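Everything below concerns the one structure shown next.
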Amino acid sequence: MLNRVKLHFLALSVFGESSRHLATVLLSVLVIFILSSVLFISSSIKYTVTTALENEADMTVQRVRGGMLAQVPLSWEKDIVNIRGIDSVSPRVWGRYFTKPKGKSFLIIGVDFLDSNANKALSKIVGSTDLKKFLNAHNMLVSAKVKSWMKKRFYTDSYSFLSADGEFIKMNIYATLPKNSDLLSNDVIIMPIDDARKILGIKEGYVTDFVLNVPNDAQKVFIEDKLSSLHFDIRVVSKKESLAAYDESFNFRNGFFLTLFMILLATFSLILYQRYTQSYSTQKRQIGIYRALGWSIKDILTLKFYEIVVIILGSYVTGVGLAYIFVYIANAPVLRDIFLGSGNFSPDVVLIPVIDFSALSSIFLLYAIPFVASVLIPVWKIAVSDPKEAML
Amino acid sequence: MSPIVEIEGLKRFYNTPAERVEVLKGINLSIERGETLILKGVSGSGKTTLLSIIAGLDRPSEGKVLVEGEAIAKLPDNHLSHFRGRHIGMVFQHYNLIEHFSVKDNVSVPLVPMNLRYQKVGQRVEDAMKKANISHKSDMLAARLSGGEKQRCTIARAIVTNPEIVICDEPTANLDRENAIKFLDILKNLHNMGKTIIIATHDSIFESLNFSHTVVYMSDGEIEKSESIE
């Protein structure tokens, strides 16, 4: 237990030798800052993706021919609807449209705006769009990133798509998709189903896939089996699988960063160890004085331990605090691009503050244990040596 | 009354790969409570090693060392440290102050492990600094003190725990004559307070000590002779 006298000594040890501790504190803050920033970004992205996918349909039905995705006949809808427990089946027409010249691609999604199920799902995205007015002409909704890309190429009000038949189809830019969906819809264009069909070359009576919901969770596995047995070339993808695919893509980056930071931590521990070993003679003398004046090994280790705890906690709180400001207030410049990529249309996402306490505790432990070891081992080595020698 | 320090057949040797170096070769010594003992001898005669063993900073290879009736060589580290803190005050040749601490913080170092109340520590530090005539520099950093002031700070630190024994290793080696004489005055005060003082020195200034003391002459790890001076 620390009494007031010991607390006074602790303050003397920490702040009296601030120049000796300064480099250690700065290095620690940097390591914690980098680790926490990565953690905050990945937690926030994961949360945003998971929340966005929560609104997605429970299952997607596709067709695979010769191992490739193929167009799905609309007639399958009847077979799907007949399965008990399935709710709200919606056909979708979508596909990736590669621009000329090369470099960018849009995800065109054709929506049957007269279909109530599709409307329900879309209402969250299109919000206050006046559908009647929207359907009167060849209109489309584009993401902010797509709009800005088009504007740069002087397509301020409309864009001409080269259809599968080789003719140009001019679509008017009606409105921009809301920003909060930008993480998954940064390259999306939403348009009426017939226009999408023409551009993407999807035949009449065919769609890209069907999406459906299963209200009863307990029936999901059973319905997936039933759907899979409907046709030899059917492919069913559950929401869980979609989530796992997104997870994997971010975990790949997390794994990369984790490896990098394990190396960083190891280097940090080595630097600390070296630093405290280099200050060996100063420490040796001071510890020798303490020992000669009646301090036991335990007294010295206790003081040094508390000294390290103050440094560790100070650096940790500062590092995490700076990371919070960097990620959630400054929106993580540079680091965000590494995570989200900037190849096609990099998402212009605002990172939502999400704090993963278990990961923060792991960082604390990963940082604190090598720190304590790197400092206490040299101190212990001195403390157990002959105090007379220590003062020479 | 039994002696405060009793040494019988004390040997200290170090084994090197080539040979066994004997630093102390069978010392027998008895120091009475309140006595001032001056160990004289050339460098390498074993004075500092003998002091270190009495202070519990070194352990004997052979023989018996009793301090306050306690066989200190057999005490485990915790007990030995606390014993040293409570019963022995140390004055070192090179002062051994913590340079970035103030005088009062340096003086309070031996009191930290004793779990005393803050006010009590402050009071004891104040008293010790007064006795060593260094109170006027209490807030000054040790690094900024002169040699004489450093020595007085070391003395205050040595007596802050009110120990029975004060051990001084070449205390005047780094002092000019004026400060060395002042040191003798402080020694006299400590003697008058009833402290047992053990000094290792080869400085002739101690011949001018004007109170009763014993001089022990050491040579090559052995006691050559001793004489009491009244």
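State whether the residues of the stretch B:51-62 include one that is more than 19 Å from B:ALA173 (Cα to Cα), more than 14 Å from chain A (Cβ to nearest Cβ) and of a type outside the set (Phe, Trp, Tyr). Yes, the stretch B:51-62 contains at least one residue that is more than 19 Å from B:ALA173 (Cα to Cα), more than 14 Å from chain A (Cβ to nearest Cβ) and of a type outside the set (Phe, Trp, Tyr). Of the strands (runs of 3 or more DSSP E) lying entirely inside the stretch B:18-85, those containing at least 1 residues that are over 16 Å from the mean Cα position of the chain (by Cα) span B:20-31, B:62-67. Of the residues making up the stretch B:220-230, just one is among the small types (Gly, Ala, Ser) and surrounded by fewer than 15 Cβ atoms within 10 Å (Cβ to Cβ), namely B:SER228. Restricting attention to the stretch B:202-215, the residues that are part of a strand (DSSP E or B) and out of contact with any Lys or Arg (no Cβ under 7 Å at 6 or more places or on another chain) add up to 2. With the structure loaded, tell me whether B:GLU19 is touching a Lys or Arg at 6+ places or on another chain (Cβ under 8 Å) and more than 9 Å from chain A (Cβ to nearest Cβ) or whether it fails that test. Answer is no for this residue.
Reported count of residues in the stretch B:63-76, each being touching a Gly at 6+ places or on another chain (Cβ under 7 Å) and either within 12 Å of chain A (Cβ to nearest Cβ) or within 22 Å of B:SER219 (Cβ to Cβ) (or both), is 1.
Checking each residue in the stretch B:3-24 for being touching an Asp or Glu at 6+ places or on another chain (Cβ under 9 Å), exposed (fewer than 15 other Cβ atoms within 10 Å of the Cβ) and touching a residue at least 12 places away in the same chain (Cβ under 8 Å) picks out only B:GLY9. The residue list B:ILE167, B:ILE199 contains one member that is in contact with a Pro (Cβ under 9 Å, 6 or more places away or on another chain), closer than 15 Å to B:HIS94 by Cα and either in a strand (DSSP E or B) or more than 14 Å from chain A (Cβ to nearest Cβ) (or both), which is B:ILE199. The residues on offer are A:LEU177, A:LEU230, and the sole one that is of a type in the set (A, V, I, L, M) and not assigned by TED's automatic domain parsing to the domain that holds A:ASP79 is A:LEU230. Taken over the stretch B:86-98, the criterion of being part of a loop (DSSP other than H, G, I, E, B) and either over 24 Å from B:THR48 (Cα atoms) or of a type in the set (Val, Ile, Thr) (or both) is satisfied by B:ILE98 alone.
Looking only at the stretch A:294-334, which residues are of a type in the set (Val, Ile, Thr) and at the interface with another protein chain (Cβ under 8 Å from one of its Cβ atoms)? The one that is of a type in the set (Val, Ile, Thr) and at the interface with another protein chain (Cβ under 8 Å from one of its Cβ atoms): A:ILE297. Remark: pairs (first residue in the stretch B:72-88, closer than 23 Å to B:GLU8 by Cα; second residue of a type in the set (Lys, Arg); Cβ separation under 6 Å; 6+ apart in sequence or on different chains) = B:ALA73/B:ARG59. Starting from the stretch A:281-293, take each residue that is touching a residue at least 12 places away in the same chain (Cβ under 8 Å) and at the interface with another protein chain (Cβ under 8 Å from one of its Cβ atoms) and list its partners that are buried (at least 21 other Cβ atoms within 10 Å of the Cβ) and among the acidic types (Asp, Glu), counting only C-beta distances under 6 angstrom and pairs at least six apart or across chains. Nothing qualifies.
Residue by residue, here is whether (1) in contact with a strand residue (DSSP E or B) (Cβ under 6 Å, 6 or more places away or on another chain); (2) over 24 Å from A:SER18 (Cβ atoms) holds:
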{"residue": "B:GLN93", "(1), (2)": "yes, yes"}
{"residue": "B:ASN96", "(1), (2)": "no, no"}
{"residue": "B:ASP127", "(1), (2)": "no, yes"}
{"residue": "B:SER146", "(1), (2)": "no, yes"}
{"residue": "B:ALA158", "(1), (2)": "yes, yes"}
{"residue": "B:ASP169", "(1), (2)": "yes, yes"}
{"residue": "B:ALA180", "(1), (2)": "no, yes"}
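All conditions in (1) assigned to a strand (DSSP E or B); (2) within 15 Å of the chain's Cα centre (by Cα); (3) of a type in the set (D, E, K, R) hold for B:GLU8, with the sole exception of (2). Of the residues making up the stretch B:87-106, those that are at the interface with chain A (Cβ under 7 Å from one of its Cβ atoms) and farther than 15 Å from B:CYS168 by Cβ number 4. Whenever a residue of the stretch A:172-184 is polar (S, T, N, Q), its partners that are modelled with pLDDT of 55 or more and part of a strand (DSSP E or B), lying with C-beta atoms within less than 8 angstrom and at least six residues away or across chains, give the pairs A:ASN172/A:ASN139; A:ASN172/A:MET140; A:ASN172/A:SER158; A:THR176/A:LEU141; A:THR176/A:VAL142.
Against the test of being closer than 24 Å to A:ALA244 by Cα, more than 14 Å from every other protein chain (Cβ to nearest Cβ), assigned to a helix (DSSP H, G or I) and in contact (Cβ under 8 Å) with a residue 40 or more places away in the chain, the options A:ILE41, A:ILE34 yield a single qualifying residue, A:ILE41.
The values are calculated or read from the model by the stated rules, or taken from the named source; none is laboratory data. Predicted model, so just to flag it, every value in this text is computed and none were measured. When we count neighbours, we look across all protein chains shown, and the Cβ atoms used for this are built from the backbone with ideal geometry, even at glycine.
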